[in-house]
Amino acid sequence: MTHNRPMAQPYDRLFNFSAGPSTLPVSALEQARDELLNFRGSGTSVMEMSHRSAPFEAILGEAETDLRSLLSIPSSYKVLFLQGGASLQFSIVPIAFLGEGSEADYVVTGAWGKKAVESAKLEGKVNVVFDGKADNYRDIKPFEELSLNPNASYVHFTSNETIQGVEYPADPVSAAPLVCDMSSDILSRPVKIENYGIVYAGAQKNMGPAGLTVVIIRDDLLAKIPQNLHPMLDYRLQAENGSMYNTPPCWSIYVSGLVYKHLHATGGVEGAFARNQEKAGVVYSAIDASNGFYKGHAACRARSLMNVTFTLANDDLTNAFVKQAEAEGLDGLKGHRSVGGIRASLYNAFPLEGAKALADFMSAFAAKNG
Ligand SMILES: *Cc1c(COP(=O)(O)O)cnc(C)c1O
């Protein structure tokens with residue numbers, strides 16, 4: 001397939017707006033390619049080596065060290081490299097912390113938070129303290145305005161709702177331990193890990209290939225996990241075994257480690273944050289300059305830096321937009337069916353030129369069809 005690219009990309013790659021799995025830094029992919037058949041003289045690929053081998057132990061150790069320094073994770077937290085996706089954590093968290101007689105608060109600002117509630121309800125008492133469904137999940141509710149139960153076992157929220165494009169602009173604070181699904185905005189901006197009890201994130205949005213789920217958990221919470229859980233649901237057991245109770249997702253950890261190095265070399269999380277603000281700003285400006293041709297889905301204060309969502313007047317226009325954008329090498333823009341319209345995912349590795357190409361395309365399309 002040939003494209004009228006506004007600008008040639010390395011390896012003839014598209015501007016990939018996919019919501020996940022999603023675009024990765026070219027330099028990390030190049031290094032993975034170069035090391036694919038014989039990893040640094042070990043004679044095997046990372047895909048083929050024992051997870052108990054010295055080279056893999058080093059890969060895992062470095063990935064943890066790099067992630068700790070990127071996020072300034074205090075030493076009172078464990079970092080786990082697990083499988084099962086964010087979706088399995090929807091179950092593990094309540095299985096571990098929502099036993100008889102306890103309750104948890106859930107803040108629902110979109111589709112993923114809703115799924116987290118569905119899992120938690122199977123385990124125990126859930127108080128949904130906010131649900132943005134009535135206005136189709138356009139906004140957050142600041143934590144200061146929520147009536148939270150200070151005796152709850154935890155408060156769960158989703159820092160960035162990937163489908164709706166609704167993001168909490170800053171780290172909330174709560175009396176009960178804060179549990180955050182950070183799958184789609186981890187490493188996109190500075191966070192204060194010390195505000196949280198547990199942070200978890202699937203790798204495939206902002207860190208690396210699918211298959212890895214990172215869990216960051218404070219030691220006092222690990223100590224509260226009941227005895228005799230199924231081993232694969234037991235964060236404490238995983239922590240005691242250095243994420244190697246069973247075979248970890250070796251390849252995904254390796255590539256995520258390369259992404260962490262890339263991030264370190266490009267200004268860390270602060271550098272990513274500055275770039276992400278600029279990229280999202282370019283696309284939101286195109287929405288705001290369109291005189292209503294494009295309607296942003298999220299309320300301004302909740303606009304996501306990672307997933308920019310907007311709608312057009314009708315399905316015909318939306319379909320024409322997606323099709324013509326694709327022909328220009330702007331790929332993966334169709335919104336989730338629950339929101340409709342367009343979703344432009346602009347994760348860390350997505351280039352600024354791609355955001356500019358989209359904004360140019362948006363103004364040309366609006367001029368032609370407005
Ligand atoms: C993608 C996503 C999930 C689901 O992740 P899986 O790894 O597929 O389970 C959960 N929460 C958020 C915020 C997401 O973006």
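For region 33-42, does any single residue satisfy the condition of being at positive phi, more than 16 Å from the ligand (Cβ to nearest atom), of a type outside the set (Asp, Glu) and surrounded by fewer than 19 Cβ atoms within 10 Å (Cβ to Cβ)? Taking every residue of region 33-42 in turn, at least one turns out to be at positive phi, more than 16 Å from the ligand (Cβ to nearest atom), of a type outside the set (Asp, Glu) and surrounded by fewer than 19 Cβ atoms within 10 Å (Cβ to Cβ). Residues that are part of a loop (DSSP other than H, G, I, E, B) and within 16 Å of the ligand (Cβ to nearest atom) within region 112-144 comprise 137, 140, listed in sequence order. Of the residues making up region 79-102, those that are assigned to a loop (DSSP other than H, G, I, E, B) and either within 12 Å of the ligand (Cβ to nearest atom) or not assigned by TED's automatic domain parsing to the domain that holds residue 176 (or both) are 83, 84.
Considering region 100-117, and only residues there that are under 21 Å from residue 200 (Cα atoms), more than 20 Å from the chain's Cα centre (by Cα) and of a type in the set (D, E, K, R), the residue that is surrounded by the most Cβ atoms within 10 Å (Cβ to Cβ) turns out to be 105. Cβ-Cβ contacts under 8 Å between residues 6 or more apart (or on different chains), taken from a first residue in region 35-58 that is farther than 16 Å from residue 247 by Cα and aliphatic (A, V, I, L, M) to a second residue that is part of a loop (DSSP other than H, G, I, E, B) and at pLDDT 95 or above, are listed as 36/45; 37/45.
Let's see how each residue does on (1) in contact (Cβ under 8 Å) with a residue 24 or more places away in the chain; (2) within 23 Å of residue 8 (Cα to Cα); (3) within 18 Å of the chain's Cα centre (by Cα); (4) not in a loop (DSSP other than H, G, I, E, B):
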| residue | (1), (2), (3), (4) |
| --- | --- |
| 270 | yes, no, yes, yes |
| 278 | yes, yes, no, yes |
| 301 | yes, no, no, yes |
| 318 | yes, no, no, yes |
| 354 | yes, yes, no, yes |
| 362 | yes, yes, no, yes |
| 366 | yes, no, no, yes |
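When residue 109 is tested against (1) in contact with a helix residue (DSSP H, G or I) (Cβ under 6 Å, 6 or more places away or on another chain); (2) away from the ligand (no atom under 16 Å from the Cβ), only condition (2) is not met. Under the condition of being more than 14 Å from the ligand (Cβ to nearest atom) and of a type in the set (A, V, I, L, M), which residue from region 186-197 is farthest from residue 339 (Cα to Cα)? Residue satisfying both the conditions and the ranking: 193. Number of residues in region 145-185 that are part of a loop (DSSP other than H, G, I, E, B), without any contact (Cβ under 8 Å) to a residue 60 or more places away in the chain and within 12 Å of the ligand (Cβ to nearest atom): the value is 2. The number of residues in region 165-184 that are within 15 Å of the chain's Cα centre (by Cα) and crowded, with 21+ Cβ neighbours inside 10 Å comes to 10. Among the conditions (1) over 30 Å from residue 265 (Cα atoms); (2) β-branched (Val, Ile, Thr); (3) under 18 Å from the mean Cα position of the chain (by Cα), the only one that residue 308 does not satisfy is (1). Within region 193-205, residues that are closer than 15 Å to residue 112 by Cβ and free of Cβ contacts under 8 Å to residues at least 24 places away in the same chain reach partners that are within 16 Å of the ligand (Cβ to nearest atom) and in a loop (DSSP other than H, G, I, E, B) with beta carbons closer than 6 Å, at six or more positions or on different chains, in the pairs 199/182.
Of all residues assigned to region 215-233, none qualifies as being over 18 Å from residue 91 (Cα atoms) and β-branched (Val, Ile, Thr). When you scan region 286-295, do you find a residue that is in a loop (DSSP other than H, G, I, E, B), surrounded by 16 or more Cβ atoms within 10 Å (Cβ to Cβ) and assigned by TED's automatic domain parsing to the domain that holds residue 72, even just one? No.
Based on this model, can you work out whether residue 237 counts as part of a helix (DSSP H, G or I), farther than 16 Å from residue 67 by Cβ and in contact (Cβ under 8 Å) with a residue 40 or more places away in the chain? No, not satisfied.
A single entry from 244, 207 fulfils the requirement of being part of a loop (DSSP other than H, G, I, E, B) and either among the polar types (S, T, N, Q) or within 15 Å of the ligand (Cβ to nearest atom) (or both): 207. Of all residues in region 271-278, at least one satisfies being within 16 Å of the ligand (Cβ to nearest atom), surrounded by 16 or more Cβ atoms within 10 Å (Cβ to Cβ) and under 30 Å from residue 302 (Cβ atoms). For region 209-267, the set of residues classified as buried (at least 20 other Cβ atoms within 10 Å of the Cβ) and at positive phi consists of 211, 243, listed by residue number.
The values are calculated or read from the model by the stated rules, or taken from the named source; none is laboratory data. Bear in mind that the values here come from a model prediction, so they are computed numbers and not experimental data. Glycine gets a Cβ as well: all are built from the backbone with ideal geometry, and neighbour counts include every protein chain shown.
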